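The values are calculated or read from the model by the stated rules, or taken from the named source; none is laboratory data. Please read these numbers as outputs of a predicted model, since none were measured by experiment. Here the Cβ positions follow ideal geometry from the backbone for every residue, glycine too, while neighbour counts run over all protein chains shown.
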Amino acid sequence: MAFIDKLLLAPLGFVAGVLAWAGLGGRALAADGGPVDWQIGFRPAASPTAEEIHWFNDFILLPVITVIVVFVMALLVYVMWRFSEKRNPTPSKTTHNTAIEVLWTAVPLMMLFIIAIPSFKLLYFADRVEEADMTLKATGLQWYWSYQYPDHGGFEFDAYMVPDEDLQEGQKRLLDTDNAVVLPVDTNIRLLITASDVLHSFALPAMGIKLDAVPGQVNETWVRINEEGTYYGQCSELCGTGHSYMPIMVKAVSKAAFEDWVAEAQEEFAAVKPDRNDLRVAEAANAAGPAGDQTALAGD
Ligand SMILES: [Cu+2]
């Protein structure tokens, strides 16, 4: 991008940030949980982590940025006026000023230090939950997500994006999936994120979640969803040609509705995808012969 474009974009981004800060951009959410026109800034916070992130942005980062921008702008304008050729025909040859050099090193350092304290607090807050009520494991694959509910019988299912030609009325292009992740509200949910082929990233903006899904490693975070509704997210790590076609769709429901769904899901997904251990037992049983010699399994 040409330098001049950047020069124009920077103030635009700044103005958008301040507008969002002032609530003028609106952290509105469509009734169905999707995006709305002219939306800038964050989506409404749907979890304690997202609330903390918004606070950090609104009351730490934006004020600091605003002060810096205004200060530097004022300094530039003053220098342009005061030291123009007309007002200052014979410029000074000064090259060093110890006091000011110490200042412009120490002041930014102190500012970074002040920002670092709430930043680290937030990082540890989002890291893990002390008392988890349940666990959801999400595995990124090229190019869909697979979900497991280890505390509810361990059933698992895949969630593929609904292709354009199959979209029903009200479904969102590139966001709706065939199977939604159903989660209860007001519940501490431990999230385990991993991948089975390449790097993916599990991102749900409304919940303040963006965590790398790494093959061979399980990353942990948590969420407590404040309100019922549908929440969308996308894979946020370039993971191949289908990168933009592996959305995350979360339906947050009441605890009772979640229990009902679990009962249904246990049957539905058990039929679709038998437990891998059961498969192994079945294979062993077949290998043992039609008589079903159970002693052959004993040592397995
Ligand atoms: Cu991906």
*Tally of residues being under 17 Å from Thr230 (Cα atoms) and either within 16 Å of the ligand (Cβ to nearest atom) or outside the structural domain of Ser236 (by TED's automatic domain parsing) (or both) across the range 151-172*: 3
*List, please: which pairs have Cβ atoms under 9 Å, are six or more places apart or on different chains, and start with a residue in the range 203-220 that is farther than 14 Å from Val129 by Cα and assigned by TED's automatic domain parsing to the domain that holds Cys235 and end with one that is part of a strand (DSSP E or B) and of a type in the set (D, E, K, R)?*
Ala203/Lys210; Leu204/Lys210; Leu211/Glu220; Val218/Lys137
*Just give me the residues in the range 112-171 being farther than 26 Å from Asp186 by Cβ, among the hydroxyl-bearing types (Ser, Thr, Tyr) and in a helix (DSSP H, G or I), in sequence order.*
Ser119
_So, restricting to helices (runs of 4 or more DSSP H) that lie completely within the range 1-103, which ones have at least 1 residues that are modelled with pLDDT of 90 or more and within 30 Å of Val250 (Cβ to Cβ)?_
48-56, 62-82
*When the residues of the range 202-239 are filtered to those that are of a type in the set (Gly, Ala, Ser) and in contact with a helix residue (DSSP H, G or I) (Cβ under 8 Å, 6 or more places away or on another chain), which remaining residue is farthest from Asp186 (Cα to Cα)?*
Gly233
_Residue that is nearest to Glu264 (Cα to Cα), among those in the range 157-188 that are touching a Phe, Trp or Tyr at 6+ places or on another chain (Cβ under 6 Å) and of a type in the set (A, V, I, L, M)_ = Val182
*What single numbered condition from (1) surrounded by 14 or more Cβ atoms within 10 Å (Cβ to Cβ); (2) at pLDDT 95 or above; (3) away from the ligand (no atom under 16 Å from the Cβ) fails to hold for Ala296?*
(2)
*asked:* I'd like the residue in the range 174-192 that is more than 16 Å from the ligand (Cβ to nearest atom) and of a type in the set (Val, Ile, Thr) and, out of all such residues, is nearest to Ile248 (Cα to Cα).
replied: Val182
_Within the range 161-180, take every residue that is touching a Lys or Arg at 6+ places or on another chain (Cβ under 7 Å) and hydrophobic (A, V, I, L, M, F, W, C) and give me the one that is surrounded by the fewest Cβ atoms within 10 Å (Cβ to Cβ)._
Leu167
*asked:* Tally up the residues in the range 97-150 that are among the small types (Gly, Ala, Ser), within 16 Å of the ligand (Cβ to nearest atom) and more than 21 Å from Arg224 (Cβ to Cβ), please.
replied: 2
